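Colleague: One structure follows; several queries about it will come next.
The values are calculated or read from the model by the stated rules, or taken from the named source; none is laboratory data. These figures come from a predicted structure and were not determined experimentally. Neighbour counts run over all protein chains shown; Cβ positions are idealised from the backbone, glycine included.
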Amino acid sequence: MSGILVIAEQRRGELRPVSLELVGAAQSLRRDGEQVAVAVFAQDPARFVPDLSVAGVDAIVTVKVPQPEFDPDTFVAAVGALIEARHPDVVLVAHSVDSFGYAAALAAARGYGFATDVFKVERIDGELVATRGGYGQKVSVELDFPGRSTVLLALRGNMYKPPDGAATPEVTAFETPATASRATGKEFVELSAADDVDMTAAEFILTVGRGIGEEAKIPQFRELADAVGATLGCSRPIADAGWLPKSRQVGQSGKTASACKLYIAMGVSGAIQHLAGMKHVNTIVAVNSDAEASIFTVATYGIVGDVFEIAEELRRHF
Amino acid sequence: MKILVAVKQVAALDEDFEISSDGRDVDPDFLIRDLNEWDDFSLEEAVKIKEASGEPVEVVAASVGPEEVDESLRKCLAKGADRALRIWDDAVRGSDPIAIARILAAVVKREKPDLLFAGVQSSDQAFASTGIATAGLLGWPHAAVVANLRYTPGAKTAVFRRELEGGLLHEVEIDVPAVLTIQAGINTPRYASLRSIKQAAAKPIEVLGLADLQLGSDAVGEAGSLSHVRRMYIPEKGRAQLIEGSPAEQALKLAAIIREFKGEAA
């Protein structure tokens, strides 16, 4: 067999949106006559069939697994067994915390071609080529996979559009061999709000990053955020250092700033997870002394300059 | 009880870096090397377990790379690692994270640690793969993006929280021995004291070749990799519209953007 196999991602009974982006990527990659199958792994996988019945999906494979949530051993075994049964040319998974937990183990153990954080996948002269960033996203790297009959790629979120329209794919169930997992998933814990801020509801966020240099500068930016009417947020290193509570961290691993429409990033260089978590925002203004900072690649407006000077000048207007 | 901490010396780029003549990497003259940020956290986590333990715990730092990597390993020794291992052979050049994982898996077989820690990802190539690939090759239990680790040396399991997207944590209990990839922010890495830096400078770094690990040269480098670099290039610059002028002029424009958003007249 051949074709493209998409591994959907679900958490706590909800399909993660990136699953449909993977279908979009599969659609852009498919050749004439090539089948796109989507597999979903859950205790009750059938419940995801309606959400996965989108244009571009030829087949849905439901795989019953014993644990309700992602489990590394289960996924290495079950995804591996499915790939061995179907022999797809390409397997697409999300570049996500779940895939961090099994994709590399599976690829290494089975010898599949492998790359992660891929933002573009295409065929050039018939060869599968995956493009990702390198050296802190300062360069782009094209990878190919000579001699690999199956290639597993973890795709970055927000790069491919989910397909429009519905379809009626063929649905089959796949039985996995029973595996005793050596880990047990327990409860989920929401990041507790150390202060009463709700980043998910904030429409206007002013964020500080490493560029502010020291903790003593936080009050100055807190005051500026208050003055302009913004919610103060921060990048991951600031929260890791404890300068601001984790509840104020925005980006992929922080709170999802889903309501944000105006985002001012001061001294944020723009790690990829940060950029991915803020890409949806209408207007992003980046202030950074480094003209090469990655944040300028997603910002609407850029100010190359000293964050403190700009902050002081801005304060005068409010 | 032994914890093996896999560390990487990462490379940042000098401002005016150039792509090397073969078009497949950056010219090494433009690389600025340092210990990977995530590895600082995973080393600290191992040293914390050692310090809190009633029984002896050995922390061993291991890194794959040429002689210049000793600098990062000395940093690990200064911050509390008991021993440092460096693995190198010219055949390792061109390795992807999976080929590096083959080496680490062989080091695990030799050292027989109870836990292998690796950073979630490296700040330069960010594959987020090496630690978990090592687990896959060993067949060990594994978990990625570990925060809030609770482990008592001698215990049969460890409990931690996976840090998921969107500010969500997932508590997991895992059998030990295991491979855990450690998330930044799990602790506050210490600074090495001048005294410990001096002591570290005098400690030996054990250097291993492929033969010491029973690895052939085809297990590493491009032959042992699951991907192959076709081309590296500098992408087109970002699309941000630059606001030019003096700081005062730039701030005035920014104030106008804020006012427009808030629906106020400038």
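Colleague: Quickly run through segment A:222-236 and pick out the residues that are within 14 Å of chain B (Cβ to nearest Cβ) and touching a residue at least 12 places away in the same chain (Cβ under 8 Å).
Modeller: Residues of segment A:222-236 within 14 Å of chain B (Cβ to nearest Cβ): A:224-231, A:233-236.
Of everything in segment A:222-236, those that are within 14 Å of chain B (Cβ to nearest Cβ) and touching a residue at least 12 places away in the same chain (Cβ under 8 Å) turn out to be A:L224, A:A225, A:A227, A:V228, A:G229, A:A230, A:T231, A:G233, A:C234, A:S235, A:R236.
Colleague: Now a separate question. Give segment A:148-163 a look and list any residue that's modelled with pLDDT under 95 and facing chain B (nearest Cβ under 10 Å), or say none.
Modeller: A:G157
Colleague: Among the numbered criteria (1) within 7 Å of another protein chain (Cβ to nearest Cβ); (2) under 38 Å from the mean Cα position of the chain (by Cα), which one does B:G224 miss?
Modeller: (1)
Colleague: Same structure again: Is there a residue being among the charged types (D, E, K, R), more than 10 Å from chain B (Cβ to nearest Cβ), crowded, with 19+ Cβ neighbours inside 10 Å and within 23 Å of the chain's Cα centre (by Cα) anywhere in segment A:117-133?
Modeller: Within segment A:117-133, the subset among the charged types (D, E, K, R) is A:117, A:120, A:122-123, A:125, A:127, A:132.
Add one more test, that the residue is more than 10 Å from chain B (Cβ to nearest Cβ), and what stays is A:120, A:122-123, A:125.
Remaining after also requiring crowded, with 19+ Cβ neighbours inside 10 Å: none.
No - not one qualifying residue is present in segment A:117-133.
Colleague: Out of contact with any Lys or Arg (no Cβ under 8 Å at 6 or more places or on another chain) and loosely packed, with under 14 Cβ neighbours inside 10 Å, is that true of B:D22?
Modeller: When the stated conditions are applied, B:D22 passes them.
Colleague: Being under 18 Å from A:V197 (Cα atoms) and surrounded by fewer than 24 Cβ atoms within 10 Å (Cβ to Cβ) is the filter here, so list the residues in segment A:258-281 that pass it.
Modeller: Answer for segment A:258-281, where residues must be under 18 Å from A:V197 (Cα atoms) and surrounded by fewer than 24 Cβ atoms within 10 Å (Cβ to Cβ): A:S258, A:A259, A:K261, A:L262.
Colleague: What tally of residues in segment A:285-300 results from selecting those that are of a type in the set (G, A, S), under 20 Å from the mean Cα position of the chain (by Cα) and more than 7 Å from chain B (Cβ to nearest Cβ)?
Modeller: Here is the first cut: in segment A:285-300, the ones of a type in the set (G, A, S) are A:286, A:289, A:291, A:293-294, A:299.
From the residues that got through so far, the ones that are under 20 Å from the mean Cα position of the chain (by Cα) too are A:294, A:299.
Narrowing the set further to residues that are more than 7 Å from chain B (Cβ to nearest Cβ) leaves A:294.
Residues flagged as of a type in the set (G, A, S), under 20 Å from the mean Cα position of the chain (by Cα) and more than 7 Å from chain B (Cβ to nearest Cβ) within segment A:285-300 amount to 1.
Colleague: Would you confirm, using the coordinates I've provided, whether B:A144 is among the aliphatic types (A, V, I, L, M) and not in a strand (DSSP E or B)?
Modeller: No; evaluated as a whole, the condition is false for this residue.
Colleague: Out of the residues in segment B:77-103 that are within 14 Å of chain A (Cβ to nearest Cβ) and assigned to a helix (DSSP H, G or I), which is surrounded by the fewest Cβ atoms within 10 Å (Cβ to Cβ)?
Modeller: Let us first name the residues in segment B:77-103 that are within 14 Å of chain A (Cβ to nearest Cβ), namely B:94-103.
Cutting the leftovers down to assigned to a helix (DSSP H, G or I) gives us B:97-103.
Working: B:P97: 28, B:I98: 26, B:A99: 25, B:I100: 25, B:A101: 30, B:R102: 23, B:I103: 26.
Going through the qualifying residues, I end up with B:R102.
Colleague: Can we say A:K255 is touching a residue at least 40 places away in the same chain (Cβ under 8 Å) and more than 7 Å from chain B (Cβ to nearest Cβ)? First the steps, then the outcome.
Modeller: On the way: touching a residue at least 40 places away in the same chain (Cβ under 8 Å): yes; more than 7 Å from chain B (Cβ to nearest Cβ): no.
The answer is no for A:K255.
Colleague: Considering only residues that are outside any strand (DSSP E or B) and within 13 Å of chain A (Cβ to nearest Cβ), which ones fall in segment B:171-190?
Modeller: Just the residues of segment B:171-190 that are outside any strand (DSSP E or B), to begin with: B:176-177, B:183-190.
Correct list: B:V176, B:P177, B:Q183, B:A184, B:G185, B:I186, B:N187, B:T188, B:P189.
Colleague: For B:H142, work out the one condition from (1) surrounded by fewer than 19 Cβ atoms within 10 Å (Cβ to Cβ); (2) within 7 Å of another protein chain (Cβ to nearest Cβ); (3) within 18 Å of B:V107 (Cβ to Cβ) it doesn't fulfil.
Modeller: (1)
Colleague: Right, something else. Would you say A:V208 is within 9 Å of chain B (Cβ to nearest Cβ), crowded, with 19+ Cβ neighbours inside 10 Å and touching a helix residue (DSSP H, G or I) at 6+ places or on another chain (Cβ under 7 Å)? Quick ask: steps written out before the conclusion?
Modeller: Details: within 9 Å of chain B (Cβ to nearest Cβ): no; crowded, with 19+ Cβ neighbours inside 10 Å: yes; touching a helix residue (DSSP H, G or I) at 6+ places or on another chain (Cβ under 7 Å): yes.
Criteria not met by A:V208.
Colleague: Scanning for something within 15 Å of the chain's Cα centre (by Cα) and of a type outside the set (K, R), does segment B:79-95 turn up at least one residue?
Modeller: No: zero hits.
Colleague: Which numbered condition in (1) facing another protein chain (nearest Cβ under 9 Å); (2) in contact with an Asp or Glu (Cβ under 8 Å, 6 or more places away or on another chain) is the only one that A:V139 fails?
Modeller: (2)
Colleague: Separate question: Is segment A:87-106 home to any residue that is at the interface with chain B (Cβ under 10 Å from one of its Cβ atoms) and at positive phi?
Modeller: no
Colleague: Okay, moving on. Out of everything in segment B:145-159 that is over 19 Å from the mean Cα position of the chain (by Cα) and more than 10 Å from chain A (Cβ to nearest Cβ), what residue ends up being farthest from B:E44 (Cα to Cα)? Walk me through it before giving the result.
Modeller: Taking segment B:145-159 first, the residues over 19 Å from the mean Cα position of the chain (by Cα) are B:150-159.
Now restrict to residues that are more than 10 Å from chain A (Cβ to nearest Cβ): B:150-156.
Working: B:R150: 14, B:Y151: 14, B:T152: 15, B:P153: 16, B:G154: 19, B:A155: 20, B:K156: 22 Å.
Within segment B:145-159, the match that is farthest from B:E44 (Cα to Cα) is B:K156.
Colleague: Among the numbered criteria (1) modelled with pLDDT of 95 or more; (2) within 13 Å of chain B (Cβ to nearest Cβ); (3) farther than 24 Å from A:Y102 by Cβ; (4) exposed (fewer than 15 other Cβ atoms within 10 Å of the Cβ), which one does A:E170 miss?
Modeller: The number of the failed condition is (2).
Colleague: Failed condition for A:A239, given (1) touching a helix residue (DSSP H, G or I) at 6+ places or on another chain (Cβ under 7 Å); (2) touching a residue at least 40 places away in the same chain (Cβ under 8 Å); (3) within 10 Å of chain B (Cβ to nearest Cβ); (4) not β-branched (V, I, T), with all others met?
Modeller: (2)
Colleague: Residues that are under 30 Å from A:M266 (Cβ atoms), in a strand (DSSP E or B) and out of contact with any Phe, Trp or Tyr (no Cβ under 7 Å at 6 or more places or on another chain): does segment A:190-197 have at least one?
Modeller: To start, the set of residues in segment A:190-197 that are under 30 Å from A:M266 (Cβ atoms) comprises A:190-197.
Filter once more, so that each one left must be in a strand (DSSP E or B): A:190.
From what is left, the residues that are out of contact with any Phe, Trp or Tyr (no Cβ under 7 Å at 6 or more places or on another chain) are A:190.
Yes.
Colleague: Can you find even one residue in segment B:197-210 that is outside any loop (DSSP other than H, G, I, E, B) and among the β-branched types (V, I, T)?
Modeller: Scanning segment B:197-210 turns up at least one residue that is outside any loop (DSSP other than H, G, I, E, B) and among the β-branched types (V, I, T).
Colleague: For segment A:7-24, enumerate the residues that are touching an Asp or Glu at 6+ places or on another chain (Cβ under 7 Å) and among the aliphatic types (A, V, I, L, M).
Modeller: The answer is A:L15, A:V18.
Colleague: Hey, could you check segment B:219-262 for residues that are out of contact with any Phe, Trp or Tyr (no Cβ under 6 Å at 6 or more places or on another chain) and part of a strand (DSSP E or B) and say which is farthest from A:G136 (Cα to Cα)?
Modeller: B:L242
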